[in-house]
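Single-structure report; data block below.
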Amino acid sequence: MYLESLSNAFGVSSVEEDVRKIITEAVQPQADEWRVDTMGNLYVTRKARGNGSQPPRRVMVTAHMDEVGFMISKIEKNGRLRFRAVGGFDSRILPAKAVVVGPERLPGVIGLKPVHLLKGDQAHQVGRIDTMTIDIGASDDKAGGQVKVGDFATFATAFGRLGGQSRPQGDRGLVKGKAFDNRAGCAVLLELLKADYPVDLVAVFTVQEEVGLRGARVAAYSTDPELAFILECTAADDLPHPAEEKNDGIPRLGDGPAITVMDRSFIADRRLVDLLISTAEAEGLPHQFKRPGIGGTDAGAVHLAREGVPAAAVSIPARYIHAPAAILDLADFWHTVNLMRATLTRLPEL
Ligand SMILES: [Zn+2]
């Protein structure tokens with residue numbers, strides 16, 4: 001499983017090289033063909049094997065490689081780095097977090113005034129992102145010549161297992177790491193490429209999802225698939241809440257892959273949703289639904305490609321996505337792998 005190396009890799013939208021390199025090396029034994037387009041999308045084809053429809057269906061399965069992060073927008077005279085968000089952030093989570101900056105992966109910290117120096121209710125106020133700075137230890141606007149405006153930064157978080165489990169504990173248990181959205185989807189897609197299917201599988205590891213589904217738009221046009229599945233990581237919200245709050249149908253860790261019926265970007269193809277559900281039931285796999293109407297995925301771009309592409313999205317639930325450390329359940333990861341493998345195998349019946 002590649003979740004650890006993929007989670008630790010640096011890959012803010014548009015600088016996905018490190019992630020693409022790990023995936024490109026991993027797919028060599030399974031790929032009948034592979035290529036990278038001008039935007040950086042990686043296409044890996046695994047031709048149909050076994051008895052399927054003739055000619056075999058061309059099925060695209062995507063997972064985005066990019067993660068949310070920051071772009072350096074200005075180097076101040078005192079050496080502090082101003083930055084802008086790349087993708088969606090809640091500014092409450094940012095102060096005092098460790099980050100890595102630029103191609104040199106310089107360590108840094110998002111600045112925060114210590115509690116000892118605050119007055120009144122300042123401790124309860126959250127600044128806007130454009131008032132924050134990253135401290136890399138520089139003291140002038142040259143910053144040692146190691147950072148440029150336009151460089152990217154992300155959280156400095158190492159993958160790890162929770163619950164005091166010693167490694168290796170097989171394929172069960174909770175893990176924490178950054179960028180599970182969507183390195184978890186990428187790791188599932190890598191597992192899918194290890195098996196045989198009665199369809200031509202075009203696995204596409206896309207770029208720039210977090211800034212507007214940009215890579216997927218190009219990839220779907222280029223692939224011209226008969227139908228598509230989008231693998232994602234979605235927000236779980238299963239911790240105890242104050243009495244007045246409800247979970248309200250948001251996915252829970254351990255309840256299996258979350259199937260999308262509708263989000264802000266698309267309405268899933270009903271035949272594909274029904275196939276996913278009947279496959280999960282036939283295989284005895286848990287599954288749940290993403291709460292309709294929130295979020296968006298690469299499906300939003302893919303289903304509008306060319307003359308339209310029937311599409312469905314399947315997500316691994318994780319707590320605390322778009323933040324320094326998310327948590328997911330490896331049982332959900334493997335249930336997603338197994339659901340997708342069985343669904344791809346049953347596609348000729350559709
Ligand atoms: Zn995502």
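Where a number appears in this text, it was derived from the coordinates with a stated rule and is not lab data. For clarity, every value in this text was computed on a predicted model and none was experimentally measured. Cβ: placed from backbone, ideal geometry, glycine included. Neighbour counts: every protein chain shown.
Segment 1-61 and segment 177-205 have Cα centres lying 7 Å from one another.
Under 5 Å between amide hydrogens, built in the peptide plane, is the criterion, and for Thr133 it picks out Gly111 among residues at least 5 positions away or on other chains. In the structure displayed, which of Lys148/Lys194; Lys74/Lys178; Lys97/Lys148; Lys21/Lys97; Lys97/Lys119 lie more than 31 Å apart, Cα to Cα? Check vs 31 Å cut-off fails for Lys148/Lys194. Label separation (Glu226 vs Leu239): 4.5 nm, computed from points 7 Å beyond Cα along the C-beta direction. Of the peptides 97-107, 83-93, 209-219, 323-333, the order by per-residue mean of other Cβ atoms within 10 Å, starting with the highest, comes out as 209-219, 323-333, 97-107, 83-93.
By DSSP, what percent of the beta bridges with both residues in the chain are antiparallel, rounded to the nearest 5? In the chain, approximately 65 percent of DSSP beta bridges are antiparallel ones. Placing +1 on the Cβ of every Lys and Arg and -1 on the Cβ of every Asp and Glu, with no other charges, gives the chain a dipole of roughly 640 debye about its Cα centre. Near the amide H of Val61, within less than 5 Å, lie the amide hydrogens of Val202, Ala203, Val204, Phe229, all on another chain or at least 5 residues away, with H placed in the peptide plane. The mean sequence separation of alpha-carbon pairs under 8 Å and at least six residues apart, normalised by the residue count of segment 58-138, gives a relative contact order of 32 percent. Phi angles of segment 259-269 translate, via the Karplus equation with coefficients 6.51, -1.76, 1.60 and θ = phi - 60°, into HN-Hα couplings of 8, 8, 9, 7, 9, 6, 9, 6, 10, 5, 5 Hz per residue; Gly and Pro are given as x.
Take 137-147, 224-234 and order them by the average number of nearby Cβ atoms within 10 Å per residue, most first; the result is 224-234, 137-147. Compared with the dominant Cα axis of the chain, that is its longest principal axis, helix 214-223 is turned about 20°. If you add up the charges near Val19, with Lys and Arg at +1 and Asp and Glu at -1, over every other residue whose beta carbon is less than 9 angstrom from its beta carbon, what do you get? Net of charged neighbours comes to -2. For the pair segment 206-230 and segment 255-306, the centres of their Cα atoms are 16 angstrom apart.
Principal-axis analysis of the Cα atoms of the chain puts helix 17-27 at an angle of about 30° to the longest axis.
Sorting the segments 337-347, 296-306 by their residues' average number of neighbouring beta-carbon atoms within 10 angstrom, most packed first, yields 296-306, 337-347. Extending 7 Å from the Cα toward the beta-carbon at both Glu307 and Asp90 defines two label points whose distance is 4.5 nm. Working from Cα pairs under 8 Å separated by at least six residues, relative contact order for the chain is 23 percent.
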